[in-house]
Amino acid sequence: MQHRDPRYKHHQAKLRALRASSKKVPTSAPSATPPVKSVQTERQKEDARLRAAEEYEEQTWQRLHLDPLSGESEDDEPEDEGDGTGVRMDDGQGGEIFECVACDKTFLSEASWENHERSKKHKQAVWRCDLMCVLC
């Protein structure tokens, strides 16, 4: 598939051109020392890099909007607490265990807990718990 893709062909052509330009015509007496870069070109590169850094403008979506009074970001959304049936516990080995009180199940990762929380069985168990609390 790659060989039919025009992007791949274009990239391969660039690589061939780069390889061809990097091959130098051999001289009669090859030098054992590598060519020394001039100090001016190094300074020019550094100046160009600094100018580019000064001209850089951060995009609006990259900016972190902080509220100076609270120290919190304006973009922060309150964390979803779920339905209140989950308990986060320490497993004693530096990790966390997530327990569903309604279903009496434990989960090793937050992702598996969140997936369980969206399941039909969990929602039904929460509904039954809520119904039992209302009847009590």
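The values are calculated or read from the model by the stated rules, or taken from the named source; none is laboratory data. From a predicted model like this one, the values you see are computed outputs, not experimental measurements. Using ideal geometry, Cβ is built from the backbone for each residue, glycine included, and neighbour counts are taken over all protein chains shown. Just so you know, the surface numbers come from the protein's heavy atoms only, side chains and all, with ligands and any DNA or RNA stripped out. Shrake-Rupley method; radii C 1.70, N 1.55, O 1.52, S 1.80 Å.
Answer yes or no: is there a residue in region 55-62 that is modelled with pLDDT under 80, under 30 Å from LYS123 (Cβ atoms) and either surrounded by fewer than 10 Cβ atoms within 10 Å (Cβ to Cβ) or under 26 Å from the mean Cα position of the chain (by Cα) (or both). No, region 55-62 has no match at all.
Residue count for region 1-29 under the criterion of being assigned to a helix (DSSP H, G or I) and at pLDDT 75 or above: the result is 18. Are any residues in region 3-24 more than 31 Å from the chain's Cα centre (by Cα) and of a type in the set (S, T, N, Q), and if so, which ones? Those that are more than 31 Å from the chain's Cα centre (by Cα) and of a type in the set (S, T, N, Q): SER21, SER22. For region 75-125, taking the residues that are hydroxyl-bearing (Ser, Thr, Tyr) and either open to solvent by 60 Å² or more (accessible area, probe 1.4 Å) or at pLDDT below 80 (or both), the one that is farthest from the chain's Cα centre (by Cα) is identified as THR85.
Looking at region 30-51, can you tell me whether even one residue there is open to solvent by 100 Å² or more (accessible area, probe 1.4 Å), basic (Lys, Arg) and at pLDDT below 80? Yes.
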